[in-house]
Amino acid sequence: MALEKLKILVETDPQKFRREILAQFNPSEISLEKQVRWKEKPAAERDVPESYFTHGFPARFSVDLYFNTYETREDVRTLTDEVMSLTTVEKHGKMHRPPICRLMWGKFGVFFQGVLHSVKQSFTLFLEDGTPVRATLSCCFKEWRTAEEDARRQKTESVDVAKSRVVVSGDTLSALSAEEYQDPRLWRHIAEANDIDNPRTLPPGLVLTIPALRAKGR
């Protein structure tokens with residue numbers, strides 16, 4: 001049975017993945033890192049402060065890709081440049097940004113979607129004339145989702161689930177409370193969770209923690 005190769009499916013038009021980069025050699029190791037942000041609120045007579053979840057950071061997928069053209073004596077950059085271009089706008093003018101990528105491998109199918117956040121190219125073998133024929137690309141892909149897909153996965157409509165909101169012009173705590181808790185009188189919960197002394201001043205762009213409402217007795 002043929003060995004399945006790791007593939008990078010590349011966005012060619014918004015949300016259309018018609019280009020494919022095939023790994024010359026499958027990686028021997030891959031790693032996935034995920035971080036989240038919790039905000040702590042000191043509480044009297046407690047050993048551990050209260051913690052509110054504010055937001056998650058995109059997951060990061062790291063992999064080393066190996067390329068070797070020693071036998072054909074071709075410049076290995078004919079292969080590695082395809083991966084390097086995933087960090088540029090130059091070859092993706094239609095979108096005016098680097099492309100989104102989907103990583104696919106055998107029975108796992110598409111197991112990660114993101115953008116190539118960073119890449120380090122190391123040449124490790126050269127011909128007599130200086131032509132590089134062996135290279136390693138250390139790649140880090142950063143997770144990417146549409147707002148619609150994220151909302152569908154989250155299902156955070158319930159008021160007993162903590163979440164976060166970005167303040168826009170015209171927002172007030174009472175209005176946010178009415179929207180999140182269906183009661184404008186509960187705005188103090190938001191003010192306390194975010195250490196807001198003046199509820200009339202909410203600068204646009206501020207990320208607010210919307211604390212969960214707990215039923216009495218819990």
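The values are calculated or read from the model by the stated rules, or taken from the named source; none is laboratory data. Because the structure is predicted, anything quoted here is derived from the model rather than measured. Every residue, glycine among them, receives a Cβ derived from its backbone with ideal geometry; neighbour counts consider all protein chains shown.
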Q: Answer with yes or no whether Arg188 is under 21 Å from Ser51 (Cβ atoms), at pLDDT below 85 and either among the charged types (D, E, K, R) or out of contact with any strand residue (DSSP E or B) (no Cβ under 9 Å at 6 or more places or on another chain) (or both).
A: no
**Q.** Of the criteria (1) in contact with a Lys or Arg (Cβ under 7 Å, 6 or more places away or on another chain); (2) buried (at least 16 other Cβ atoms within 10 Å of the Cβ), which one His55 fails
**A.** (2)
**Q.** All positions within the range 10-67 that are hydrophobic (A, V, I, L, M, F, W, C) and over 23 Å from the mean Cα position of the chain (by Cα)
**A.** Phe25, Ala43, Ala44, Val48, Phe67
Q | Ser122 assigned to a strand (DSSP E or B), in the same structural domain as Ala23 (by TED's automatic domain parsing) and either touching a His at 6+ places or on another chain (Cβ under 8 Å) or among the hydroxyl-bearing types (Ser, Thr, Tyr) (or both) | A | yes
Q.
Taking the conditions exactly as written (surrounded by 13 or more Cβ atoms within 10 Å (Cβ to Cβ), at pLDDT 85 or above and not polar (S, T, N, Q)), does Ala212 satisfy them or not?
A. no
Q.
Tell me yes or no: at least one residue of the range 143-156 is at pLDDT 70 or above, part of a strand (DSSP E or B) and within 24 Å of Leu86 (Cα to Cα).
A. yes
Q.
Any residue that is surrounded by fewer than 12 Cβ atoms within 10 Å (Cβ to Cβ), closer than 26 Å to Thr131 by Cβ and among the aliphatic types (A, V, I, L, M) - is there at least one of those in the range 5-20?
A. no
**Q.** Matching option when the condition is of a type in the set (Ser, Thr, Tyr) and loosely packed, with under 15 Cβ neighbours inside 10 Å, among Ser62, Ser31
**A.** Ser31
Q | Pick from the range 20-37, criterion assigned to a strand (DSSP E or B) and without any contact (Cβ under 8 Å) to a residue 24 or more places away in the chain, ranking: farthest from Leu6 (Cα to Cα) | A | Arg37
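Rundown of residues vs (1) aliphatic (A, V, I, L, M); (2) within 16 Å of Glu20 (Cα to Cα), yes/no style:
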| site | (1), (2) |
| --- | --- |
| Met104 | yes, yes |
| Val119 | yes, no |
| Phe123 | no, no |
| Gly130 | no, no |
| Thr136 | no, no |
Q: Give Phe67, Phe53, Phe17, Phe111 a once-over and let me know the one that is in a strand (DSSP E or B), at pLDDT below 95 and over 30 Å from Ser164 (Cβ atoms).
A: Phe17
Q: Go through Glu74, Glu90, Glu45, Glu40 for me and flag whichever is outside any loop (DSSP other than H, G, I, E, B), among the acidic types (Asp, Glu) and not assigned by TED's automatic domain parsing to the domain that holds Ile190.
A: Glu40
